[in-house]
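Novice: Quick one: the structure is below, questions incoming.
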Amino acid sequence: MKRLLAAIALMSLALPTQVAVAHGNGSTTRTYTASTDVIANPERGFYHHTETHYYADGSGYVPLDKTTLRNFRTQENVTQILRVFYLEKFSGQDKLDKPYLDKVRADFTTIRAAGVKAIVRFAYALPGEGWPPPTPYGDAPLARVLKHINQLTPILRQNSDVIELVQEGFIGLWGEGYYTDHFSDPNDPSIVTDQNWTDRKAVTDALLRALPRDRMIQVRTPYMKQRTYGVPTGTAGALTAQQAYNGSALARIGHHNDCFLASPDDFGTYLSDPIELDKDFVAQDSNYLPQGGETCAVNSPRSDWPSASEEMARMHFSFLNTDYNHDVLDTWGDGLTTAKKQLGYRFTLLNGTFTNSTRPHGNVSVTLNLHNDGWAAPYNPKKVRLIFQGDHHTYSVPLTTDPRRWAPGTTTTLAQQVRAPAVPGKYKLLLKISDPQLSNRPEYSVQLANQGTWQPTTGTNDLGQTITVTHR
């Protein structure tokens, strides 16, 4: 009996991860096996919080460490960090000094070398002792903020490849826009005048200009976007499929909720009456915009896993802080593993149908069905290519599709005809979903959630199909 059980076990290990069915029309359909692994894909999942300071005497800056960042990726499947750059020294002066700018540049070099990406925020101040925090809070006035953004613009543009998004920052404690000396009444932060809103919009607009048009920012509350850009709450004011990715301000401003689940309104995140209107706004917006943040305080049953997972799915969460709040996260149990899999996108290849052979430059028909098992779609551009890999030649063919439109919970069909290579031979078919700016770095390509397909050295997914290009 033991020998029989061992034989059965060995047979199960040898089961193919793909099932192929040949058709009489010269094509083959392959069915793929889904993976249950946590996958280290870029711009999604849990993130680690990192911050650094720069005090009046030039002290306080702690540079990022490449080994630490690499270990996040290799040991925890964490591919992103929040990097908060505090500007304490410059709240009272217009010019950012060269030593500081050099340190910021060096951090981005480290991020790139480690194969991760950064959610970026700039801020001037943390709260002092006591609560509520005493005034003055320590942030900078509008004119100075705009000068600082202008000086940071070259760095942001030069490093946009490893910046997945920028949180608005700059205004208020933690850069969260509330406790501020200049953008609301310091003695009552809930009082924000029309001029204050005009000034806030100037900061948002400046930050949008500082970034490439395909990079997005996040604001701390949905009302900040609604009030600044004149749209109503609820689904009526949220981004539509037609507006998505058109480069406008509305199409580039997402949301971060840094008191997720903490109270009925998430400690002032949702301000509408009823609250559900703001939630509907974010739920619709986040179909096409980044949503993420951190838990803040235990608030059972809302902060418990069943409610938390339902809300992360509804709000299309792409990322969450793994460092805070552990009083909340530790109650989720096995739900944490589920969150690691489902935060952001998770593309599973279901099946594919392929032409078996053709002549040089002939047509190759490819039909792929992929399901997004995650809670969100990618919010940054991705390049999709079909790779013909031969023994001596490799060819890459772009596919006309946009993974940002591969919505969560849906199946996307890619049905295209492409030109075969000119050189006869046998070619393996691979699928590569890569970062447009980092296509030569496999760490920044997308691994499909399938067994036996991922090629880590090239950042490609093996479709298990060989195409024969015959002689004329």
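Novice: Report whether or not residue 305 is open to solvent by 20 Å² or more (accessible area, probe 1.4 Å), touching a Phe, Trp or Tyr at 6+ places or on another chain (Cβ under 9 Å) and free of Cβ contacts under 8 Å to residues at least 60 places away in the same chain. Can you show your working first?
Specialist: Values: open to solvent by 20 Å² or more (accessible area, probe 1.4 Å): yes; touching a Phe, Trp or Tyr at 6+ places or on another chain (Cβ under 9 Å): yes; free of Cβ contacts under 8 Å to residues at least 60 places away in the same chain: yes.
It is true that residue 305 is open to solvent by 20 Å² or more (accessible area, probe 1.4 Å), touching a Phe, Trp or Tyr at 6+ places or on another chain (Cβ under 9 Å) and free of Cβ contacts under 8 Å to residues at least 60 places away in the same chain.
For every residue, the table says whether it meets (1) within 15 Å of residue 270 (Cβ to Cβ); (2) touching a residue at least 60 places away in the same chain (Cβ under 8 Å); (3) charged (D, E, K, R).
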| residue | (1), (2), (3) |
| --- | --- |
| 196 | no, no, no |
| 201 | no, no, yes |
| 206 | no, yes, no |
| 216 | no, yes, no |
| 220 | yes, no, yes |
| 236 | no, no, no |
| 244 | no, yes, no |
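Novice: Moving to a separate point now. Which one is surrounded by the fewest Cβ atoms within 10 Å (Cβ to Cβ) among residues in region 78-112 that are in a loop (DSSP other than H, G, I, E, B) and among the β-branched types (Val, Ile, Thr)?
Specialist: Among those that are in a loop (DSSP other than H, G, I, E, B) and among the β-branched types (Val, Ile, Thr), it is 78.
Novice: Could I ask something else about it? Residues being open to solvent by 20 Å² or more (accessible area, probe 1.4 Å) and in contact with a Leu (Cβ under 7 Å, 6 or more places away or on another chain): count how many of those fall in region 376-398.
Specialist: 3
Novice: While we're looking at this one, here's another question. Scan (1) surrounded by fewer than 18 Cβ atoms within 10 Å (Cβ to Cβ); (2) outside any loop (DSSP other than H, G, I, E, B); (3) among the aromatic types (Phe, Trp, Tyr) for the single condition residue 267 breaks and write down its number.
Specialist: So the condition that residue 267 fails would be (2).
Novice: Please list, ordered by residue number, the strands (runs of 3 or more DSSP E) wholly in region 4-62 having 3 or more residues that are of a type outside the set (S, T, N, Q), under 29 Å from the mean Cα position of the chain (by Cα) and at pLDDT 95 or above. Steps first, answer last, please.
Specialist: On the way: elements: 18-22, 27-32, 45-52.
It comes to 45-52.
Novice: Suppose we keep only residues that are surrounded by fewer than 18 Cβ atoms within 10 Å (Cβ to Cβ) and in contact with a helix residue (DSSP H, G or I) (Cβ under 8 Å, 6 or more places away or on another chain) within region 242-264. Which one would you say is nearest to residue 212 (Cα to Cα)?
Specialist: Per the stated criteria, the residue is 249.
Novice: Quick one: residue 71 ticks every box in (1) in contact with a Ser or Thr (Cβ under 6 Å, 6 or more places away or on another chain); (2) at pLDDT 95 or above except a single one, so which number is it?
Specialist: Residue 71 satisfies every listed condition except (1).
Novice: Looking at the structure I just gave you, is residue 145 among the aliphatic types (A, V, I, L, M) and out of contact with any strand residue (DSSP E or B) (no Cβ under 6 Å at 6 or more places or on another chain)?
Specialist: When the stated conditions are applied, residue 145 passes them.
Novice: If the Cβ limit is 7 Å and pairs must be 6+ apart or interchain, which residue in region 155-169 that is without any contact (Cβ under 8 Å) to a residue 40 or more places away in the chain pairs with which residue that is among the charged types (D, E, K, R) and open to solvent by 10 Å² or more (accessible area, probe 1.4 Å)?
Specialist: Close Cβ pairs satisfying both conditions: none exist.
Novice: Another question, if that's okay. Mind checking which residues of region 270-301 are in a loop (DSSP other than H, G, I, E, B), of a type in the set (Gly, Ala, Ser) and surrounded by 17 or more Cβ atoms within 10 Å (Cβ to Cβ)?
Specialist: 272, 286
Novice: Return the total of residues in region 152-175 being open to solvent by less than 50 Å² (accessible area, probe 1.4 Å) and assigned to a helix (DSSP H, G or I).
Specialist: 6
Novice: Hand me the list of helices (runs of 4 or more DSSP H) wholly inside region 302-393 holding 3 or more residues that are in contact with a helix residue (DSSP H, G or I) (Cβ under 8 Å, 6 or more places away or on another chain).
Specialist: The qualifying helices (runs of 4 or more DSSP H) are 305-314, 335-342.
Novice: Given the structure, is residue 458 open to solvent by 10 Å² or more (accessible area, probe 1.4 Å), at pLDDT 95 or above and assigned to a strand (DSSP E or B)?
Specialist: no
Novice: Would you mention how many residues in region 234-255 are outside any loop (DSSP other than H, G, I, E, B) and either modelled with pLDDT under 95 or among the β-branched types (Val, Ile, Thr) (or both)?
Specialist: 2
Novice: Among the numbered criteria (1) open to solvent by less than 30 Å² (accessible area, probe 1.4 Å); (2) part of a strand (DSSP E or B), which single criterion is violated by residue 413?
Specialist: If we test residue 413 against (1) open to solvent by less than 30 Å² (accessible area, probe 1.4 Å); (2) part of a strand (DSSP E or B), just (1) comes out false.
Novice: Whether any residue in region 435-456 is among the aliphatic types (A, V, I, L, M), more than 18 Å from the chain's Cα centre (by Cα) and under 20 Å from residue 354 (Cα atoms) is what I want to check.
Specialist: If we filter region 435-456 for residues that are among the aliphatic types (A, V, I, L, M), which is where we start, we get 438, 446, 448-449.
Pick out the ones that are also more than 18 Å from the chain's Cα centre (by Cα) and you get none.
Looking through region 435-456, none of the residues is among the aliphatic types (A, V, I, L, M), more than 18 Å from the chain's Cα centre (by Cα) and under 20 Å from residue 354 (Cα atoms).
Novice: Still on this structure: Could you run through region 42-77 and say how many residues are open to solvent by 70 Å² or more (accessible area, probe 1.4 Å) and touching a Lys or Arg at 6+ places or on another chain (Cβ under 7 Å)?
Specialist: 3
The values are calculated or read from the model by the stated rules, or taken from the named source; none is laboratory data. Given the structure is predicted, the values throughout are model-derived calculations rather than measurements. Note that we place each Cβ from the backbone using ideal geometry, even for glycine, and neighbour counts take in every protein chain shown. Only protein heavy atoms, including side chains, enter the accessible area calculation; ligands, DNA and RNA are left aside. Shrake-Rupley method; radii C 1.70, N 1.55, O 1.52, S 1.80 Å.
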